[in-house]
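Let me begin by presenting the structure, written as structure tokens, before commenting on it.
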Amino acid sequence: MDKNEKVNELARRRGFLWPAFELYGGAAGFYDYGPLGAPLKRRIEDIWRQYFVIAEGFAEIEAPTIGVEGIYQASGHLAGFSDPLTGCKECKEVYRADHLIKHIIEVPDALKNEEIYKCIQENEIGCPECGGELSQVYEFNLMFKTMIGPGNKMTGYLRPETAQGMFINFPRLLRYFRDSLPFAAVQIGKSFRNEISPRQGVIRLREFTQAEAEIFIDPRDKTHPRFAEVKDIKMKFYSRQAQEKGEEEEMTFGEAVEKGLVAHQTLAYYVARTYQFLLAVGVAPDKLRFRQHKSDEMAHYAADCWDAEVFLDRMGWIEIVGVADRTDYDLKAHASVSKVDLSVFVHYDQPVKRQKLVVKPDFKKLGPRFKSKAKAVGEALKALSAEELKGGSGTKDDKIKVVVDGETIEIEKDLFSFESVEEEVRGIEIVPHVIEPSFGIDRILYTVLDHSYYEDVADGEIRAVLRFKPAVAPIEVAVLPLMDRKELVGPARKIQEQLRCRGMRVDFDISGSIGRRYRRCDEAGTPYEVTVDYETLELGTVTIRDRDSMSQVKVPEWQVADKLQALLNASIKFHEAGDLVAAVKKE
RNA sequence: GCGUCGAUAGUGUAGCGGUUAUCACUAGGCGUUGCCAACGCCUAAACUCGGGUUCGAAUCCCGAUCGACGCACCA
């Protein structure tokens, strides 16, 4: 059994991850989070909130998981999130239809399915495998489609990403943030993609959890005011150039920006925060790197994109986070489809004085001459530039040409006047750029399981342990009476109650020998175990066991809650918690 | 979607046309037990689903579902 299998088996057995709908035969690409998995996930999300909501002052919102058609028209998911497929009638192999005609048509993406099929037929393209005849080209869209209300009147789609929820709330968010940049909104929630072939457990799901932040910034200044906080952090950068060499480069974020590896400070800042977050939830630093998208794999609108990748045995490097500069693509797309202006008015520090040409059409003359068109002619004149107005040889007969409703009209210069006036410009309309850190929570959770899993040998037996950070552990403390006896169980229950009052996640276990219970705790990743023994009754002390070292300390019962709290938030080290107990050997 | 292989208690398994479906671990109960999967007794628990062949199917055949791997797809 390799590590991946062991981790999956443990996750299933102990209640982290269960294949969904098992009772009815299951469905690929769906998982249940069990009694340990759900809190683990929740705690990872809470740490994410700590980093990307609280620390940054971002706003968390919650949008519907079903979206109306317009959203995905604008986002490009309707057209771009589907692939034209064709299959061989002989050997049943399936191909991307547009890929087969790449060498004939420059931009096969632009063709409709029928056109692609026509092209395949005309060029007598057969199955690349066996030469067999290819089927009709059909569309496979990765979005789940549904209908809103009865009678097919309105089409809805399950969202393929949470990001759009932030984009389409841009005007409201802008107001909320008092009309000024930068600001950001985040969302943690389910997204849905009807994957052709979900694989690798929780790595590619049809329903999955994303945590995304859309950070709206002024495109003219991509420095970050808090960059100094992260600039000395060292990390493994796997840049475009480094990928050619096949070797990551370790450097500080400061250096990475200076060398132009990362496009700008703001992107680098959020890559750094992403890095810190991943370490905080328990991703192993030596199995983590940030890989830059190559120019050809980046979305055409993105300026720069860095993926956090983790190493998982058997699967290799897996993407778990993407941090991209999406520029103004999304806002412009939504502005154009929805016909709502999605720009921000940015005030200058100082109003700028500027010469401006003011055109004054002489409506007394234009009116009788152009009748109902007069207004349009006037507007057309106002829209002209100084050069155009001054155009011609300057003689009195010179005429200016304007186009009104597709009709070219010549206008004598005495029908209008213009003058240059000084005006104060107080700011400009800007479509913000968007920095998007996008996290795959399920993948991160799986990574935490994988990177936390380790085995050692205790008393000749293999001991499987999940070395969760206390901050993510689904159970923080287990209270264990040394034996199942009334005089021990009673005080132990009291300690459990006391710890729960402190808000700790406490488990209580009296089943089986103490050793067996320790093993169960190890597999659940519970960092500390409190044992109640006869010394508790005689001397008022309890034992705290450390999951990772298996060593134990004695502490007075009245201190145990404080000590555990301090251990859990890492303000003291284990050996500082109490008197170390010499290892007791079994006979 | 395609191909190869697989699917038996919670987990790992035995089974090869007729068994009360094997064993271990696990889990629950009782007893015992002074700190790392101890011991004894008891208990619970499975042939993925649907068809077919056969007197008889966990076993052979077909299909579906799920899983692993490869291809393709996806980020």
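Residue pairs whose Cβ atoms lie under 8 Å apart, sitting 6 or more positions apart in sequence or on different chains, and linking a residue in the range A:478-492 that is part of a helix (DSSP H, G or I) to a partner that is charged (D, E, K, R), are A:Leu488/A:Asp533; A:Pro491/A:Glu557.
Report the residue count in the range A:511-523 for those that are open to solvent by less than 60 Å² (accessible area, probe 1.4 Å) and either under 17 Å from A:Ile544 (Cα atoms) or of a type in the set (S, T, N, Q) (or both). Step through it out loud before you land on a result.
First, pick out the residues of the range A:511-523 that are open to solvent by less than 60 Å² (accessible area, probe 1.4 Å): A:512, A:514-515, A:517-518, A:521-523.
When the remaining residues are screened for being either under 17 Å from A:Ile544 (Cα atoms) or of a type in the set (S, T, N, Q) (or both), the result is A:514-515, A:517-518, A:521-522.
The number of residues fulfilling the criteria is 6.
A:Phe253 meets the conditions (1) more than 16 Å from RNA strand B (Cβ to nearest atom); (2) among the aromatic types (Phe, Trp, Tyr); (3) open to solvent by 20 Å² or more (accessible area, probe 1.4 Å) in every case but one. The failed one is (3). Considering (1) within 30 Å of A:Tyr31 (Cβ to Cβ); (2) surrounded by fewer than 20 Cβ atoms within 10 Å (Cβ to Cβ), the lone condition that A:Tyr275 does not fulfil carries the number (2).
Every residue, every condition in (1) in contact with an Asp or Glu (Cβ under 6 Å, 6 or more places away or on another chain); (2) among the charged types (D, E, K, R); (3) at pLDDT below 65, yes or no:
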residue	(1), (2), (3)
A:Glu69	no, yes, no
A:His77	no, no, no
A:Phe81	no, no, no
A:Leu85	no, no, no
A:His103	no, no, yes
A:Cys119	no, no, no
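Applying the set (1) touching a Phe, Trp or Tyr at 6+ places or on another chain (Cβ under 7 Å); (2) open to solvent by less than 10 Å² (accessible area, probe 1.4 Å) to A:Gly440 leaves exactly one unmet item: (2). Here the strands (runs of 3 or more DSSP E) wholly within the range A:148-262 that include at least 2 residues being in contact (Cβ under 8 Å) with a residue 24 or more places away in the chain are A:154-158, A:183-192, A:207-217, A:234-238.
Within the range A:506-522, how many residues turn out to be of a type outside the set (Val, Ile, Thr) and within 6 Å of RNA strand B (Cβ to nearest atom)? First the steps, then the outcome.
Restricting attention to the range A:506-522, the residues satisfying the condition of being of a type outside the set (Val, Ile, Thr) are A:507-509, A:511-513, A:515-522.
Retained after the next criterion (residues that are within 6 Å of RNA strand B (Cβ to nearest atom)): A:511-513, A:515-516, A:518-520.
Residues meeting the conditions: 8.
So that you can scan it fast, the table gives a plain yes or no per residue for (1) within 12 Å of RNA strand B (Cβ to nearest atom); (2) open to solvent by less than 60 Å² (accessible area, probe 1.4 Å); (3) within 22 Å of A:Leu40 (Cα to Cα):
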position: A:Asp456; (1), (2), (3): yes, yes, no
position: A:Ile462; (1), (2), (3): yes, no, no
position: A:Pro474; (1), (2), (3): no, yes, yes
position: A:Ala478; (1), (2), (3): yes, yes, yes
position: A:Asp484; (1), (2), (3): yes, no, no
position: A:Leu488; (1), (2), (3): yes, yes, no
position: A:Arg493; (1), (2), (3): no, no, no
position: A:Gln498; (1), (2), (3): no, no, no
position: A:Met504; (1), (2), (3): no, yes, yes
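Would you confirm, using the coordinates I've provided, whether A:Lys236 is among the basic types (Lys, Arg) and surrounded by fewer than 16 Cβ atoms within 10 Å (Cβ to Cβ)? Considered against the rule, which asks whether it is among the basic types (Lys, Arg) and surrounded by fewer than 16 Cβ atoms within 10 Å (Cβ to Cβ), A:Lys236 comes out as no. Only a single criterion out of (1) touching a helix residue (DSSP H, G or I) at 6+ places or on another chain (Cβ under 7 Å); (2) modelled with pLDDT under 90 is not satisfied by A:Phe227, namely (2).
The values are calculated or read from the model by the stated rules, or taken from the named source; none is laboratory data. Quick caveat, the model's predicted, so the values are computed rather than measured. Cβ atoms come from the backbone with ideal geometry, glycine included; neighbour counts cover every protein chain shown. Please note that ligands, DNA and RNA were not included when accessible areas were found on the heavy atoms of the full protein model with its side chains. Shrake-Rupley method; radii C 1.70, N 1.55, O 1.52, S 1.80 Å.
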